[in-house]
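*Asks:* Structure below; questions to follow.
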Amino acid sequence: MDDSVKKLAIPAELNHPFFFSQEEILVNKPNSSFSLSENFIYELYFFNGRVTCMPWMNPQESVPILLKEWQQLKNHLKLRYQNREQEFILESMKKGIGLFLQLLFWSNGQPVHLKEPIPFSQLTSKPVNVQERLGFIISRPKLFHSFIQLSELMVEQEKHYMKNVVVKKASRPNKV
């Protein structure tokens, strides 16, 4: 195994059967630039006590990159559904659901926590009925309706995030 690949334990905070079926995972070590190549890579390192980037501490930089990644994945998924390529949809939907969870937690200034029940009540900024809607998506990830629901959750959370950015800017005293 080369130095860029690490074996990490799946921490209790991320132990969710939809995303992780084993107790350990091989992951590429994040390089110096921000990357979303693997779901929850920064949380995996963080909860394993390894120092790395903490994108939830700086959402104004990480969230726009995450949203750009979602747009690319969304376009990819649209084509998969149009071409009825069911065998390729599950992995892409897992990636999309992971992006949503990262957006949800990072825009609230927290690392992702997946341990069931997912602590949605600790988040101040979230879409309406997020727990039920996300539960539906995870239980039926290949359905086109799940893709539509995921897309709506992304839009709603982006709106919450942008509102918080505007409110935060407005509450800062103007420098003269």
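The values are calculated or read from the model by the stated rules, or taken from the named source; none is laboratory data. Values in this document were obtained by computation on a predicted structure and should not be read as measured data. Glycine gets a Cβ as well: all are built from the backbone with ideal geometry, and neighbour counts include every protein chain shown. When the accessible area is computed, the model is the full protein with side chains, heavy atoms only, and any ligands, DNA or RNA have been set aside. Shrake-Rupley method; radii C 1.70, N 1.55, O 1.52, S 1.80 Å.
*Asks:* Under 8 Å for C-alpha pairs, at least 6 residues apart: give me the relative contact order for the chain, rounded to a whole percent.
*Replies:* Relative contact order of the chain: 21 percent.
*Asks:* Taking region 89-176, which chymotrypsin sites (Phe, Trp or Tyr not before Pro) meet the DSSP loop condition and have no more than 11 other C-beta atoms within 10 Å?
*Replies:* none
*Asks:* In Å², and per residue, what accessible area does region 95-176 have when probed at 1.4 Å with the other protein chains present?
*Replies:* With all protein chains present, region 95-176 gives 56 Å² per residue.
*Asks:* Give me log10 I(q)/I(0) at q = 0.12, 0.17 Å⁻¹ for region 27-176, Debye formula, one equal scatterer per alpha-carbon, no solvent.
*Replies:* -0.53, -1.02
*Asks:* With the cut-off at 27 Å, tell me which of the pairs K142/K168; K29/K126; K6/K163; K6/K168; K95/K159 have Cα atoms farther apart than that.
*Replies:* Listed pairs above 27 Å: K142/K168; K29/K126; K6/K163; K6/K168.
*Asks:* To make sure I understand the rule: partners must be aspartates and glutamates, Cα under 18 Å from the Cα of K68, and not fewer than 8 residues away in the same chain. Which ones qualify?
*Replies:* E38, E152, E156, E158
*Asks:* Which order do R133, R172, R50 take when ranked by solvent-accessible area (1.4 Å probe, heavy atoms of all protein chains), largest first?
*Replies:* I get R172, R50, R133, largest accessible area first.
*Asks:* Now, a different point. What's the local net charge at L36, with K and R +1, D and E -1, over the other residues with C-beta under 15 Å away?
*Replies:* Every neighbour counted, the sum reads 0.
*Asks:* What whole number of Å gives the distance from the Cα centroid of region 143-168 to the Cα centroid of region 67-139?
*Replies:* Using only Cα atoms, the two centres lie 10 Å from each other.
*Asks:* Further, regarding this structure: Taking all protein chains as present, what is the carbon and sulfur share of the accessible area of the chain, in % to the nearest whole number, probe 1.4 Å?
*Replies:* Here carbon and sulfur together make up 52 percent of the probe-accessible area.
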